[in-house]
Amino acid sequence: MKILSGLAVGALGLVSLVLAATFILPWAAGYGYSATFFYAYDYACPGKSAPLTEDNYRVFLLNRGCSLDDAAQDLAREYRKTPERVVALYRGEAQPQSADEVMMTDAIRAELKRSFKPFAPAANCKPGEICNDGLSPFWGDDAISRLFAKAGDLYLGNAVPMFYDGLGTGAQHIAAVLASGPLAKGLLFVVYAIGAAFLLNFVWGLLRKAIS
């Protein structure tokens, strides 16, 4: 009975770990990313950081510029529309006029909410997509490697959307807090500084142990 009980506890722990790694950790990573980089927004986007809106901040986090207008300018060239039309379709202020515009509207919303703009274009992958063109260079071409590559693709297929959900929620919360006034922004900077100090102290402790 004790063995069966131990196996049940171990199985439950394994299932909990898998669920956490698949759903909770990616969402928390996205939220943590947005909660951390608000400090960088002021420095990366001088003159454009006030006010920091949810859309502007999410665009910045997705490497699409400092504001929704910046991203719209970029997408307008890609879709051969005016930036004003791109923003109106994104916000639902204008209705698509054709089937092509319906597809374009979905693509614009996906790119501005759930797609990083790559820092360097990939050779075989579209921007923001998970590249499935063959096996990852990390894996070989044997059956076991293919199994692990497939498992990795399945994991990313679930984890990536959760990451973007967390990023969007974090951007919304950070923008709402900062919009409440300079005091809230000051408190966030204090929390950020304390967190950075704890992290540096932790890393320094690890380095001291490694050296000694």
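For segment 178-212, which residues satisfy the criterion of being in a helix (DSSP H, G or I) and open to solvent by less than 60 Å² (accessible area, probe 1.4 Å)?
Correct list: LEU178, ALA184, GLY186, LEU188, PHE189, ALA193, GLY195, ALA196, ALA197, GLY205.
Filtered by the rule that a residue be out of contact with any helix residue (DSSP H, G or I) (no Cβ under 7 Å at 6 or more places or on another chain) and in a loop (DSSP other than H, G, I, E, B), segment 30-83 gives PRO46, GLY47, LYS48, ALA50, LEU62, ASN63, ARG80, LYS81. Yes or no: ALA143 at negative phi, at pLDDT 70 or above and among the small types (Gly, Ala, Ser)? In short, no. For segment 15-36, name all the residues that are hydrophobic (A, V, I, L, M, F, W, C), at pLDDT below 70 and open to solvent by less than 60 Å² (accessible area, probe 1.4 Å). Matches in segment 15-36: ALA20, ALA21.
The values are calculated or read from the model by the stated rules, or taken from the named source; none is laboratory data. No experiment lies behind these values; they were computed from the predicted model shown. Glycine gets a Cβ as well: all are built from the backbone with ideal geometry, and neighbour counts include every protein chain shown. The protein model used for the area step is the full one, side chains on, heavy atoms only, and it has no ligands, DNA or RNA in it. Shrake-Rupley method; radii C 1.70, N 1.55, O 1.52, S 1.80 Å.
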